[in-house]
Amino acid sequence: MFSEMLVKLWENGIIQMGIWETIYMTVLSSMIAYVIGLPLGVILHITDAEGIYPLRWVNRILGLFVNFFRSIPFIILMVAMLPVAKLIVGVSLGNRAMIVMLVIAASPYVARMVESSLKEVNAGVIEAAQSMGANNFQLVWKVLLPEAKPSLIVGSVISMVTILGYSAMASTIGGTGLGQIAISYGHQRFNPDVTWCCVILTVIIVQVIQEVGTWIAHKTDKRYSGGSAVK
Amino acid sequence: MGVRPVPGNVLEISHLHKAYGQNTVIEDLSLTVREGEVIVIVGPSGCGKSTLLRCINALEGNQGGEVRLHGEPVLKGSKNLPEIRQKIGMVFQNYELFPHMTVLDNIMLAPVKAQGRKKNEVREEALALLKRVGLETKADSFPRQLSGGQKQRTAIVRALCMHPDILLFDEVTAALDPEMVREVLEVILDLANQGKTMLVVTHEMQFARAIADWVVFLDDGRICEEGTPEEFFDHPKTERAKKFLNTFTFERKARQPKTI
Ligand SMILES: Nc1ncnc2c1ncn2[C@@H]1O[C@H](COP(=O)(O)OP(=O)(O)OP(=O)(O)O)[C@@H](O)[C@H]1O
Ligand SMILES: [Mg+2]
């Protein structure tokens, strides 16, 4: 029923390793991308002309920078950034280089996701906080981010799924993970069932991320029915 | 720079000018609010009432004139603006409660974070105030679980808990169903009786008459007429005010006698 290759890959734990590496890459790159992208998104939002701290040139330049990276197809960005990866982690091959690519590609994406989540926060609520004398720092930390939390979580799920897709592509340049297994054992050695196995596993991982994320987002959303502190 | 506050004056608006592009909304408006005074602002829709309130705490910048609270200028973009705003309580037409925070957290956020007061002390005060407005059982509810009237009472408590020098109310019953209007107006009336200094924008003329020490009639961004509630409501001087007050009364023509 299954090809010899698939059985061998499974018995040697290659597939299991691939699952783990895919998850590990995705989660780690997502985390680093948020460390960079979240502040970028906040700055993009508050420095906007309509924002709480308008800074026209900062907003313009940052916006251009983000758009620049967002408009390059990942596969091209990846090749172009090989020297940068070498500069940062010392190698242009393997998982460490892959994480650098993923972070470079994902951070601007995350920044836009964050920005759009913050845009959803009702402007009236921000004005209420201003009228009570919140300074800009308190406005961001105590009102803007907490009020945007459910939307930020939904956004982070979307980002993670995107990053998972990138990581499958990136594993073709000498990284590891399900993408690499699908290419080198499935596609290049004519074992369609290996490819399909990787596809199905990827779909399952995406589903799990989606379900868990949606559940958490729903839990934190007090506007509708998520609240449990009902008295 | 030493500015000697005029005794008794809480808020002084002098020669305020506000325009959106070419469209002048407030023109050369001056108004003083003294300690413990309740001033009601009435006027037709679009005459600039909300804009005036928003200029007072610099949510809107202005194009001329100035606003001073206890002698201190309230200036958009100035360093001490957050501090001054803490002394100006504002209640909005649409409540503007934080949807992801409980009633208690909504109230406690600014006193604790912005004013740096002790959590316990603020909590106690918040609970006492909630009790006073009949919401003691709602402390842990989220805004979505409240009726409009309850939301607005929460918003009033939130403003009160900051111990403001003056309270600004902008048509706080306009978004409410008629049966909830009274519960909110009673809370405001109670505050007036406690001697709070307030600037109230409202379309509820009965209420305006009951609560006001002084009525200001705004038209086209200027003060068209002002006076005591009796003067203004019973003997309006200007045609504009008469016309405006007439929009609140209804008369039916005498029935035609039936002809067979
Ligand atoms: N952000 C804005 N940009 C441009 N014009 C504005 C803005 N806000 C208000 N205006 C204009 O300013 C004028 C006064 O508006 P304002 O909201 O102060 O009226 P109001 O007296 O509060 O009316 P209402 O009783 O309907 O609440 C209106 O003509 C309005 O169109
Ligand atoms: Mg208004």
Any pair with Cβ under 9 angstrom, 6 or more apart, that starts in segment B:219-231 at a residue that is within 11 Å of B:Asp28 (Cα to Cα) and ends at one that is not in a strand (DSSP E or B): B:Gly221/B:Cys47; B:Gly221/B:Gly48; B:Gly221/B:Thr51; B:Gly221/B:Leu52; B:Arg222/B:Cys47; B:Arg222/B:Gly48
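Out of the residues in segment B:44-67 meeting the condition of being near ligand 1 (Cβ under 9 Å from one of its atoms) and not in a loop (DSSP other than H, G, I, E, B), tell me which one is farthest from the other protein chains (Cβ to nearest Cβ).
Checking each candidate, the answer is B:Lys49.
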Residues satisfying the stated conditions in segment B:232-260, i.e. aromatic (Phe, Trp, Tyr) and either assigned to a loop (DSSP other than H, G, I, E, B) or in contact (Cβ under 8 Å) with a residue 60 or more places away in the chain (or both): B:Phe244, B:Phe248, B:Phe250
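Answer yes or no as to whether B:Glu12 is among the acidic types (Asp, Glu), away from ligand 1 (no atom under 16 Å from the Cβ) and either more than 14 Å from chain A (Cβ to nearest Cβ) or buried (at least 19 other Cβ atoms within 10 Å of the Cβ) (or both).
It is true that B:Glu12 is among the acidic types (Asp, Glu), away from ligand 1 (no atom under 16 Å from the Cβ) and either more than 14 Å from chain A (Cβ to nearest Cβ) or buried (at least 19 other Cβ atoms within 10 Å of the Cβ) (or both).
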Test: residue in segment A:130-142 that is under 30 Å from B:Leu53 (Cβ atoms), hydrophobic (A, V, I, L, M, F, W, C) and more than 11 Å from every other protein chain (Cβ to nearest Cβ): yes
Within segment B:45-79, tally of residues that are surrounded by fewer than 16 Cβ atoms within 10 Å (Cβ to Cβ) and within 16 Å of ligand 2 (Cβ to nearest atom): 2
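Here is a list: A:Ala111, A:Ala105, A:Ala182. Which entry is within 24 Å of A:Val66 (Cα to Cα) and modelled with pLDDT under 95? Step through it out loud before you land on a result.
Details: A:Ala111 fails: modelled with pLDDT under 95; A:Ala182 fails: within 24 Å of A:Val66 (Cα to Cα).
Unique residue meeting the criteria: A:Ala105.
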Hits in segment B:153-202 (condition: away from chain A (no Cβ under 12 Å), within 16 Å of ligand 1 (Cβ to nearest atom) and buried (at least 22 other Cβ atoms within 10 Å of the Cβ)): B:Phe169, B:Val172, B:Thr173, B:Leu199, B:Val200, B:Val201, B:Thr202
Residue within segment B:128-138 that is under 24 Å from B:Phe207 (Cα atoms), among the β-branched types (Val, Ile, Thr) and part of a helix (DSSP H, G or I) present: no
Among (1) at the interface with chain A (Cβ under 8 Å from one of its Cβ atoms); (2) more than 16 Å from the chain's Cα centre (by Cα), the one test that B:Glu96 misses: (2)
Subset of segment B:80-93 that is within 16 Å of ligand 1 (Cβ to nearest atom) and surrounded by 21 or more Cβ atoms within 10 Å (Cβ to Cβ) - its residue that is farthest from the other protein chains (Cβ to nearest Cβ): B:Val91
Single match in B:Val215, B:Val172 (criterion: touching a residue at least 40 places away in the same chain (Cβ under 8 Å) and in a loop (DSSP other than H, G, I, E, B)): B:Val172
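Considering only segment B:119-149, state which residues are of a type in the set (Lys, Arg) and more than 12 Å from chain A (Cβ to nearest Cβ).
Step one: of segment B:119-149, the residues of a type in the set (Lys, Arg) are B:119, B:123, B:131-132, B:138, B:144.
B:Lys119, B:Arg123, B:Lys131, B:Arg132, listed by residue number.
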Any hit, segment B:102-118, residues being modelled with pLDDT of 95 or more, more than 14 Å from every other protein chain (Cβ to nearest Cβ) and surrounded by fewer than 16 Cβ atoms within 10 Å (Cβ to Cβ): yes
Residue tally, condition away from ligand 2 (no atom under 16 Å from the Cβ) and within 12 Å of the chain's Cα centre (by Cα), over segment B:197-209: 2
Condition broken by B:Ile41, with the remaining ones in (1) within 14 Å of ligand 2 (Cβ to nearest atom); (2) assigned to a helix (DSSP H, G or I) satisfied: (2)
Total residues in segment B:142-169, condition more than 11 Å from B:Leu97 (Cβ to Cβ) and part of a loop (DSSP other than H, G, I, E, B): 6
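The values are calculated or read from the model by the stated rules, or taken from the named source; none is laboratory data. In this text, all values refer to a predicted model and were calculated from it rather than measured experimentally. Cβ atoms come from the backbone with ideal geometry, glycine included; neighbour counts cover every protein chain shown.
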